[in-house]
Amino acid sequence: MRSILIILFFMLMIVSAKSQSSKWQPGRFTDIKGNTESGFIRVNPSAKGPIKGEGFIEFRENDKSNPFKLSASDLKSFVVAKDSFVVAHAPGNEAWAKNEFDFVKVVIDDEVKLYMSRGGSGSKGGIGGTGIGIEPGIGIGTGGYGGGLSGGVSGGVSIPIGGGGYNNNEKTVYYYGANTAEMKRITNQNFEDVMTDIMGDEPDVVDKIHAKVYILANIDRLIVYFKQVKEGERQKVKGER
């Protein structure tokens with residue numbers, strides 16, 4: 001009975017996530033000229049994108065204004081709720097099957113950033129997935145981290161990005177780098193070194209990485225734990241003031 005309830009709970013989360021992804025949500029975007037505009041963003045539009053091979057979002061200023069589409073080449077970044085996204089090309093040694101110019105989520109915004117793409121991608125000529133978005137569970141119940149695009153980056157419901165719908169067979173891919181132009185994929189081989197570098201200011205977290213408590217297969221749990229530790233430290237500093 002307990003197992004059935006757990007399954008039903010996660011099914012409800014997925015249904016709710018899909019429902020939220022198709023709705024207008026408060027957000028803002030920054031265009032390629034550096035102008036920022038706030039309003040409402042829909043990140044999973046079903047219509048065809050303005051430019052072939054590019055992800056896109058829909059934006060409107062308020063409930064009464066007409067929406068318009070913004071392609072990846074129109075934007076530098078956008079924020080929906082607590083989640084921040086930046087535009088990116090597929091890394092030089094990879095090919096994204098749907099859009100070569102799309103959006104990636106900024107999971108950790110620091111000197112070395114952690115990015116996430118929803119949709120498997122492979123080497124050029126290989127088979128890739130479609131769309132990108134937020135993996136369910138990342139950041140749920142945690143505080144944000146990073147003060148870059150949104151003043152705090154944390155996860156929430158699953159939001160497929162750039163049209164094309166949600167595919168359970170899609171693969172969540174993580175990248176690291178100082179910026180999107182330098183981002184490289186995190187693999188089983190480089191996971192320990194990369195995540196130690198990104199999370200190196202938290203010794204307890206690093207110890208768990210070295211002890212293989214966290215590996216690439218459960219990186220989502222590592223991110224949650226890291227953000228919990230950071231939030232705990234912030235609360236402690238607040239209490240000491």
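Can you run down the residue pairs with Cβ atoms below 6 Å, 6 or more apart or on separate chains, where the first is in segment 213-241 and free of Cβ contacts under 8 Å to residues at least 24 places away in the same chain and the partner is assigned to a helix (DSSP H, G or I) and aliphatic (A, V, I, L, M)?
Y214/L222
Considering only residues of segment 66-92 that are part of a loop (DSSP other than H, G, I, E, B) and touching a residue at least 12 places away in the same chain (Cβ under 8 Å), which is surrounded by the fewest Cβ atoms within 10 Å (Cβ to Cβ)?
Going through the qualifying residues, I end up with K82.
Name the residues in segment 37-61 that are under 20 Å from the mean Cα position of the chain (by Cα) and β-branched (V, I, T), would you?
I41, V43, I57 - these are the residues of segment 37-61 that are under 20 Å from the mean Cα position of the chain (by Cα) and β-branched (V, I, T).
With Y214, Y174, Y225 as the choices, which residue is within 15 Å of the chain's Cα centre (by Cα) and among the aromatic types (F, W, Y)?
Y174
Hey, can you tell me all the residues within segment 187-211 that are of a type in the set (S, T, N, Q) and either under 17 Å from the mean Cα position of the chain (by Cα) or within 24 Å of E94 (Cα to Cα) (or both)?
T187, N188, Q189, N190
For segment 173-241, list the helices (runs of 4 or more DSSP H) that sit wholly inside it and hold at least 1 residues that are touching a strand residue (DSSP E or B) at 6+ places or on another chain (Cβ under 6 Å); which are they?
Answer list for segment 173-241: 191-198, 219-240.
Consider segment 93-120. How many of its residues are surrounded by fewer than 24 Cβ atoms within 10 Å (Cβ to Cβ), in contact with a strand residue (DSSP E or B) (Cβ under 6 Å, 6 or more places away or on another chain) and modelled with pLDDT under 75?
Qualifying residue count for the region: 0.
Look through segment 1-60, keep the residues that are small (G, A, S) and modelled with pLDDT of 80 or more, and return whichever of them is surrounded by the most Cβ atoms within 10 Å (Cβ to Cβ). Outline the logic, then answer.
So in segment 1-60, the residues small (G, A, S) come out as 3, 16-17, 19, 21-22, 27, 34, 38-39, 46-47, 49, 53, 55.
So of that shortlist, the ones also modelled with pLDDT of 80 or more come out as 27, 34, 38-39, 49, 53, 55.
Details: G27: 22, G34: 7, S38: 12, G39: 16, G49: 20, G53: 14, G55: 29.
Per the stated criteria, the residue is G55.
When you scan segment 121-142, how many residues do you find that are of a type in the set (S, T, N, Q) and at pLDDT 50 or above?
Adding up the residues that qualify gives 0.
Can you run down the residue pairs with Cβ atoms below 7 Å, 6 or more apart or on separate chains, where the first is in segment 29-54 and in a loop (DSSP other than H, G, I, E, B) and the partner is aromatic (F, W, Y) and surrounded by fewer than 14 Cβ atoms within 10 Å (Cβ to Cβ)?
none
Tell me yes or no: at least one residue of segment 217-226 is more than 12 Å from Y174 (Cβ to Cβ), touching a Gly at 6+ places or on another chain (Cβ under 9 Å) and of a type outside the set (F, W, Y).
Within segment 217-226, one or more residues are more than 12 Å from Y174 (Cβ to Cβ), touching a Gly at 6+ places or on another chain (Cβ under 9 Å) and of a type outside the set (F, W, Y).
Just checking, which of E231, E240 is over 27 Å from K171 (Cβ atoms) and surrounded by 12 or more Cβ atoms within 10 Å (Cβ to Cβ)? Before the answer, list the steps.
On the way: E240 fails: surrounded by 12 or more Cβ atoms within 10 Å (Cβ to Cβ).
E231 is the lone residue from the list that is over 27 Å from K171 (Cβ atoms) and surrounded by 12 or more Cβ atoms within 10 Å (Cβ to Cβ).
The values are calculated or read from the model by the stated rules, or taken from the named source; none is laboratory data. Owing to the predicted nature of the structure, the values given are computational and were not obtained by experimental measurement. Please note: Cβ atoms are built from the backbone with ideal geometry, for glycine as well, and neighbour counts cover all protein chains shown.
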